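Q: First the structure, which I've put down as structure tokens, then a few questions once you've had a look.
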Amino acid sequence: MVALVSQENVVALVSRTGRELQRYRKGRRQVVGCIPYRYKIEEKSGLSDLHELEVLVISSQKGKGMLFPKGGWELDESKKEAALRETIEEAGVRGIVGGKLGKWSFKSKTHDTFYEGYMFPLLVEEQLEFWPEQSVRQRTWMSVSEAREVCQHWWMKEALDRLVNRLASQKLVGRETHQVLSCIPPHAQLPNLTHL
């Protein structure tokens, strides 16, 4: 019997290495990463659940600090593809990559050079049991405040703040939309706004 496996469900158990395909702009290495997040259901209060935002941090290979997954953006991939690849390789999670949180210029802690970093939110849909860097990294889910405390890079902390603000504004817009829609009688005719 032959089993067919979809390519999107296959994860290479080896990280990409080397810098042959690495992108540079004006002499600065281009790096991309993700802030993996999920909502943990805390408790039931009446009719609604309280959802607590959790983010996934990983241990650094070179030091004792914690950070979000990130790595080199290569010539054969988009920024989002590179961010997802790095997150799978380093943290062993995959999901939906959202819109860019920003771009930062920072100095490498190990090399005397500047990098340009791009960070994206990643709503985690799957946590893998096996991933390429599982033997050299630890992954830990934690609250936003805990992550801010342990994250070793200022620019990643800033990206985390942007993610929290974005999610809070989306939740607020969603709540307002729900309130408006709940005020409209079920038999009311709504205008067709698709042509705008």
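Q: Going by the conditions given, is K40 in a strand (DSSP E or B), modelled with pLDDT under 95, under 27 Å from S145 (Cα atoms) and open to solvent by 40 Å² or more (accessible area, probe 1.4 Å)? Step through it out loud before you land on a result.
A: Details: in a strand (DSSP E or B): yes; modelled with pLDDT under 95: yes; under 27 Å from S145 (Cα atoms): yes; open to solvent by 40 Å² or more (accessible area, probe 1.4 Å): yes.
So K40 fits the description; yes.
Each row is one residue, and each column tells you yes or no for (1) at pLDDT 95 or above; (2) under 15 Å from I35 (Cβ atoms); (3) small (G, A, S).
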site: V55; (1), (2), (3): yes, yes, no
site: I58; (1), (2), (3): yes, yes, no
site: Q61; (1), (2), (3): no, no, no
site: A83; (1), (2), (3): yes, yes, yes
site: A91; (1), (2), (3): yes, yes, yes
site: K100; (1), (2), (3): yes, yes, no
site: K107; (1), (2), (3): no, no, no
site: L122; (1), (2), (3): yes, yes, no
site: L128; (1), (2), (3): yes, no, no
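Q: Any idea how many residues of region 140-172 are open to solvent by 60 Å² or more (accessible area, probe 1.4 Å) and touching a helix residue (DSSP H, G or I) at 6+ places or on another chain (Cβ under 9 Å)?
A: So the answer is 1.
Q: Here is a list of conditions, (1) without any contact (Cβ under 8 Å) to a residue 12 or more places away in the chain; (2) in contact with a strand residue (DSSP E or B) (Cβ under 7 Å, 6 or more places away or on another chain), and D112 meets all of them except one; can you say which number that is?
A: The one condition D112 does not meet is (2).
Q: Against the condition among the acidic types (D, E) and either at pLDDT below 95 or farther than 17 Å from G33 by Cα (or both), how does E149 come out, does it pass?
A: On the way: among the acidic types (D, E): yes; either at pLDDT below 95 or farther than 17 Å from G33 by Cα (or both): yes.
When the stated conditions are applied, E149 passes them.
Q: Inside region 48-122, counting only strands (runs of 3 or more DSSP E) that do not spill past its ends, which hold 3 or more residues that are open to solvent by 40 Å² or more (accessible area, probe 1.4 Å) and farther than 15 Å from Q30 by Cα?
A: On the way: elements: 48-59, 70-72, 93-97, 102-107.
Passing ranges, in order: 48-59.
Q: A further question follows. Exactly one of these conditions fails for F120: (1) farther than 22 Å from K62 by Cα; (2) without any contact (Cβ under 8 Å) to a residue 40 or more places away in the chain. Give me its number.
A: In the conditions (1) farther than 22 Å from K62 by Cα; (2) without any contact (Cβ under 8 Å) to a residue 40 or more places away in the chain, F120 misses (2) alone.
Q: Please verify whether E133 is in contact with a helix residue (DSSP H, G or I) (Cβ under 6 Å, 6 or more places away or on another chain), among the acidic types (D, E) and assigned to a loop (DSSP other than H, G, I, E, B), treating the condition exactly as stated. Break it down stepwise before answering.
A: Details: in contact with a helix residue (DSSP H, G or I) (Cβ under 6 Å, 6 or more places away or on another chain): yes; among the acidic types (D, E): yes; assigned to a loop (DSSP other than H, G, I, E, B): yes.
Yes; evaluated as a whole, the condition is true for this residue.
The values are calculated or read from the model by the stated rules, or taken from the named source; none is laboratory data. In this text, all values refer to a predicted model and were calculated from it rather than measured experimentally. Glycine also receives a Cβ, built like all others from the backbone with ideal geometry; neighbour counts cover every protein chain displayed. Note: accessible area is taken over every heavy atom of the protein model, side chains too, but ligands, DNA and RNA are not part of it. Shrake-Rupley method; radii C 1.70, N 1.55, O 1.52, S 1.80 Å.
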